[in-house]
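First the structure, in the form of structure tokens, and then the observations on it.
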């Protein structure tokens, strides 16, 4: 039986301590699946500040099936994912983090699901043990809100770690947008998808480069890229402020006609002005965010620039 080629894409940012443990863990799975798959590793160095590139140079010389790309600077995880997908030539493609929070042993069950006819086998965390409470709360709220305001399904706890057929990846690469939100793109292309749950794992080494603010910015990008809800919010906020202003004017006129005399309404007037001004600024900010996305798309800048790659 001809073995299929599995391309494993591993975006890296300051992962010098995790690369070798990752390879040690995945090579055990590689040996267990040697009769079915040929493993091919594609590490994408996203402008790391530590010795990540040095380690990648070493392991690419030690292993024939380990390759790497290195960016000219930090372009972000989305750029790393895209570069890896464009470089991968396997029959099956998976995306994994180098910190071993994505259990390599799940590849066995994921491959079995592919054989059952699924096009995509994703993974989702069944719990968020070990994660800060505030991050866990906002993550759950993000998925809940996105599911209600977007036509694209967002599965709570879904990871980028998924096994995809060649057809799925080719479809993803047809989406040549600059502003990318992979979780949404993976769902948007459709196909026959199933998810396998697993318990949350801690990093094997090093520290995560994701903090609360970076995750918040990432979430906002998700809303902007896959929902018109922020624009609709601005519209409804404008309508609400308009009617409240009408009521305020009616109140002032009626009070003038019934009570008479000068109205000492300085505080209420300032409050109304500040309210309307705040709504206007909110609406302008939302519209400006969409315009910024459009502006970046029209520039057609490359999503990433490769400075170095293995032979």
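Readers should treat all values here as calculations from the given coordinates under stated rules, not as data from a laboratory. No experiment lies behind these values; they were computed from the predicted model shown. Cβ sites come from the backbone with ideal geometry, for glycine too, and all protein chains shown count toward neighbours.
Listed values, structure above:
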read-out	value
Full-stretch length increase - residue 308, residue 65 - with 0.36 nm per residue and alpha-carbon distance subtracted	85.7 nm
Efficiency of FRET between residue 105 and residue 3 - r from beta-carbon atoms, R0 22 angstrom, step 0.05	0.70
Nitroxide proxy distance, nm - points 7 Å out along Cα→Cβ at residue 33 and residue 20	2.5 nm
Cβ-Cβ FRET estimate between residue 291 and residue 195, R0 fixed at 25 Å, reported to 0.05	0.10
FRET E, pair residue 57, residue 177, Förster distance 30 Å, beta-carbon r, rounded to 0.05	0.40
